[in-house]
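The values are calculated or read from the model by the stated rules, or taken from the named source; none is laboratory data. Since the model is a prediction, treat every value here as computed from it, not as a measurement. Note that each Cβ is placed from the backbone with ideal geometry, even for glycine, and that neighbours are counted across all protein chains shown. Keep in mind that these areas ignore ligands, DNA and RNA; they rest on the heavy atoms of the full protein, side chains included. Shrake-Rupley method; radii C 1.70, N 1.55, O 1.52, S 1.80 Å.
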Amino acid sequence: MRPEIPFFPPDLFEGDRKVMLDLIREIATAPEQKFILGEHTKRFEEVLRESLGAADVVACGSGTTALGLVLRAMEVGPGDEVVVPAFGCAPLASAVLEVGAQPTFADIDRRTMVVDPDSVEQLINHRTKAIMPAHMFSIMADMPCLAEVAERRGVRLLEDSAVAQGAVLGDTPAGLWGEAGVFSFVQVKSFGMPGEGGAVVTRDAELGHRVRVLRNHGQDGQRFVHRVIGTNSRFDEIQAAFQLHRFPGFLERLERRATIADYYTERFAPLVDRGVVPPPPGRDGRCYYVYCLQAERRDELHDHLAERGIASHVYYPQPLPRQAAFASHAPADGCWPNAEYASRRILALPIYPHLSDADVARIADAVCEFAATA
């Protein structure tokens, strides 16, 4: 039976259904028959670039391929190491491995659940080519500290900001703290869409140009002339047009997510002594992709919510170096105590913009009811 309050809402784009159908017909019947990397994609890139103050934005086939393209553009490859968080999504490690380099796994901060800058610095050695922090869950990584580490140690800084579009730390948007960042437009992201897509954002126009060439089979503006070995990570014209339609409402949707997060955190702050810990309060450097709390009895809380028709989600059940795919690339005696701790406790609650106030209160009430049984 479908939960009354789903975690992934099936009606996220219901209000834009007619627009999408009209765009499909318009683009499908246009004389130019341009379905990828056309004028809609160009305009979409321009809108994002102008909104961020970036030197370039390159729309790609996914956030995952965007990471790999930047690593290649930075000439990260065999013999190199890239420091990544031990707790996060698979592309943090797989994108590094796919370019022939090795990920090294840094532990996270137990409270914020993002990578610990001290752990990152301890792993930097003569083989380290880059560090790749990730913004996770409800909060951005400590980018001022990580940027200082990267500059002082002479390594490159790539920001996995896939989940953090719209977040700002200080006066700097997510994605622009390092040499480059990436966004993901998968459905549940802050600027999600009904399909797959991503983007590279950068202050370095030359780096952006290299990514632009690599995403389209190594072609540098002239079709069928291949300057380098590239790949296919091209953006869909229908999705670009749809995202252009939805962009004016982006800030309003972000504000709604932030308002829900503020409410949750206020309601859950008194529950710390009962084993339910919300993320740190405030809005600076906050992501509104998901809202993750920590619970000592995480699985029991998940079941408690499910019994009341509320879906929740675990991000992530294991640290990356404990995953079968990556264990052989981590030291056998490696220890990531904070990542292990988070993986046992983390639980994400619904936070999408069209949750009603009554739904939000119902979710919070259910969490508080559970905590009262501790």
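Quick notes on this one:
- Taking the numbered list (1) more than 14 Å from residue 113 (Cβ to Cβ); (2) open to solvent by less than 20 Å² (accessible area, probe 1.4 Å) in turn, residue 281 passes all entries but (2).
- Qualifying residue in the stretch 318-341 (condition: closer than 30 Å to residue 249 by Cβ and open to solvent by less than 30 Å² (accessible area, probe 1.4 Å)): no
- Filter result for residue 12 (assigned to a loop (DSSP other than H, G, I, E, B), surrounded by 13 or more Cβ atoms within 10 Å (Cβ to Cβ) and in contact with a Phe, Trp or Tyr (Cβ under 8 Å, 6 or more places away or on another chain)): yes
- Residue within the stretch 302-320 that is more than 19 Å from residue 123 (Cβ to Cβ), of a type in the set (Val, Ile, Thr) and not in a loop (DSSP other than H, G, I, E, B) present: yes
- Here residue 13 meets each of (1) under 22 Å from residue 232 (Cβ atoms); (2) of a type in the set (Phe, Trp, Tyr); (3) out of contact with any strand residue (DSSP E or B) (no Cβ under 9 Å at 6 or more places or on another chain) with one exception, condition (1).
- Test: residue in the stretch 24-43 that is open to solvent by less than 20 Å² (accessible area, probe 1.4 Å), in a helix (DSSP H, G or I) and either under 30 Å from residue 360 (Cβ atoms) or hydrophobic (A, V, I, L, M, F, W, C) (or both): yes
- Answer residue from the stretch 203-222, given it is out of contact with any strand residue (DSSP E or B) (no Cβ under 9 Å at 6 or more places or on another chain) and in a loop (DSSP other than H, G, I, E, B) and is least open to solvent (accessible area, probe 1.4 Å) among those: 221
- Once the stretch 48-87 is narrowed to residues that are in a loop (DSSP other than H, G, I, E, B) and without any contact (Cβ under 8 Å) to a residue 60 or more places away in the chain, the residue that is surrounded by the fewest Cβ atoms within 10 Å (Cβ to Cβ) is 78.
- Candidates 313, 354, filtered to the one that is within 20 Å of residue 3 (Cα to Cα), touching an Asp or Glu at 6+ places or on another chain (Cβ under 9 Å) and surrounded by fewer than 19 Cβ atoms within 10 Å (Cβ to Cβ): 354
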